[in-house]
Amino acid sequence: MTTGFIICGALGREVQQIINRYGWDADIIGVSAIHHLFPQRIAPAVEKRILAMKAQYARLIVVYGDCGTAGALDETLARYGIKRVAGLHCYEMYAGNLVNDLMAEELGTWFLTDFLVRKFEGTILKGMGLDRFPELKADYFRHYKRIVYLAQNPDEALQQKAQEIAAFLELPLEIRRTGLDLLEQQLLTLMEGSVRNF
Amino acid sequence: MNDEVNIKDMPIDELLELMQDDLYDGYADEVVAEVNEALSRGMTPYEVLTQGLVAGMDIVGVDFRDGVLFVPEVLMAAKAMKAGMIILRPLLAETGAPKVGTLVIGTVKGDIHDIGKNLVAMMMEGAGFEVINLGINNDVDSFMGAIDAHNPDIIGMSALLTTTMPYMRTVVNTLKEKGIRRDLIVLVGGAPVNDAFAEDIGADACCRDAAVAVETAEKLMAIKREKG
């Protein structure tokens, strides 16, 4: 029974890692992570994947955060009876309540993940227009007090790059290793669920 | 702006068109020069505002709504607008220029995210509203203090976090307790905020983005004026 994972591009490598670990009969199909900058695009983009895939897969599971859709993504999934990994965003999928604790500790916390460190130039510099308008850095980041890198599989190179990003943004860096445990638990639960969900 | 262009020799309609183009492109220094040039030719501050900056921001708003421009470009245009407004604002106050309405806007308590809120503030100013921008992390006292001080037509509240958006209800409830809710238009916005939430807390509307905020504010102001 092949499962189709419709995933945010920011979670692709990590979801594939979990699929491989359990040997699941599953494919992953990406939806651009950059949509989090244009939240109104997320639900239609996911729905497009659903329509393209539902005939070919016994089960579909969505791994995309609400990411500012204000509930539109969940409304779309409810129409098809498709489940998704719980969480407003990927930070929560990796770190759970720790995200809220860190925010409560310091409102001005800006988060990184392995993906964001790896793809900083495309998702942040280009995505937020800092490549074209470097003067916007102050507009975007002036209220932030620290960066917390929620690290999944941090190797030396990623940690070094996170330090460089922190230096560029002129913010102190804290690294918290989350691993994949929380995301893995959620995927396990969903994979144990109903056979056909649409 | 092309360095070869001499704005001193330019007819006034071309100068205004250039001002709109430079605002659209986010060229703050050029907009400042063009605003000063227009004023030096005897245009009133209100004419420069409406025929130059507001007209330029209108195009930005339409292109933002239609997906031609994105947040970085609109922020740059807003910065150019802001640079022009630094010159015009005191002159407008002196000359008693008409205004569409007054908006008090802020990010609610516990939230420091202000990009969207600042876009709304600048585009509302670009649409002719007087805007009092309270910044980030505003508690109910901050909103009430601004209402007392500025007697606004509209209260705008923004939140990016699901943990902070419930605070909007606290502000709306306080407006009700003070008996001033019906005197004010309440607009809310931010990534997790939707129409159902706005209705639930007793706001007038949820605005998906800055362009929608301007359209909604203008529409609700027109209704408010009709009601007298």
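Only the coordinates and a few stated rules stand behind these numbers; no lab work does. Values in this document were obtained by computation on a predicted structure and should not be read as measured data. So basically every Cβ, Gly included, is an ideal-geometry build from the backbone, and we count neighbours across all protein chains shown.
Brief remarks follow.
- Angle of helix B:167-177 to the longest C-alpha principal axis of chain B, folded into 0 to 90 degrees and rounded to 10: 80°.
- Across chain B, the mean sequence separation of Cα contacts (distance under 8 Å, 6 or more residues apart), normalised by length, yields a relative contact order of 17 percent.
- With a Förster radius of 56 Å applied to the beta-carbon distance between residue B:25 and residue A:22, the computed FRET efficiency rounds to 0.60.
- Proximal lysines to residue A:48, defined as alpha-carbon separation beneath 18 angstrom and excluding residues fewer than eight positions away on the same chain: A:83
- Each pair of Cα atoms in chain A enters the Kirkwood radius, and Stokes-Einstein at 25 °C and 0.890 mPa s then converts it into a translational diffusion coefficient of 139 µm²/s.
- Partners of residue B:227 within straight-line reach, counting aspartates and glutamates whose Cα lies under 20 Å from its Cα and excluding those fewer than 8 residues away in the same chain: B:153, B:183, B:204, B:215, B:218.
- Close amide-amide hydrogen proximity is noted between residue A:149 and A:112, A:174, A:175, A:176, each under 5 Å apart and 5 or more residues distant or on a separate chain (H modeled in the peptide plane; Pro and chain starts excluded).
- Per-residue HN-Hα couplings for the stretch B:121-138 [Karplus 6.51, -1.76, 1.60; θ = phi - 60°; Hz; x = Gly/Pro]: 4, 5, 6, 5, 5, x, 8, x, 7, 7, 10, 10, 9, 7, x, 9, 6, 9
- The stretch A:95-177, relative contact order [Cα under 8 Å, separation at least 6], %: 35 percent
- Net charge dipole, chain A: roughly 620 debye, given to the nearest 20, about the Cα centre with Cβ charges of +1 for Lys and Arg and -1 for Asp and Glu.
- Axis angle, to the nearest 10 degrees, between helix A:181-191 and the longest C-alpha principal axis of chain A: 20 degrees.
- With K and R counted +1 and D and E -1, the other residues having a Cβ less than 15 Å from that of residue B:146 yield a net charge of -3.
- Average beta carbon contacts from partner chains per residue of B:97-110, 10 Å cutoff: 0
- Less than 5 angstrom separates the built amide H of residue A:31 from those of A:7, A:8, A:9, all sequence-distant by 5 or more or on a different chain.
- Relative contact order [Cα under 8 Å, 6+ residues apart], chain A, whole percent: 21 percent
- On Cα atoms only, tilt of B:210-227 relative to the major axis of chain B in degrees: 70 degrees
- Computed from phi, the 3J(HN,Hα) profile of the stretch A:95-109 under the Karplus parametrisation 6.51, -1.76, 1.60 (θ = phi - 60°) reads 10, x, 5, 4, 4, 5, 4, 5, 5, 5, 5, 8, 4, x, 9 Hz, with x in place of Gly and Pro.
- Within a straight-line Cα-Cα reach of under 29 Å, residue A:161 can be paired with the following lysines, leaving aside sequence neighbours fewer than 8 residues apart in one chain: A:119, A:126, A:137, A:145.
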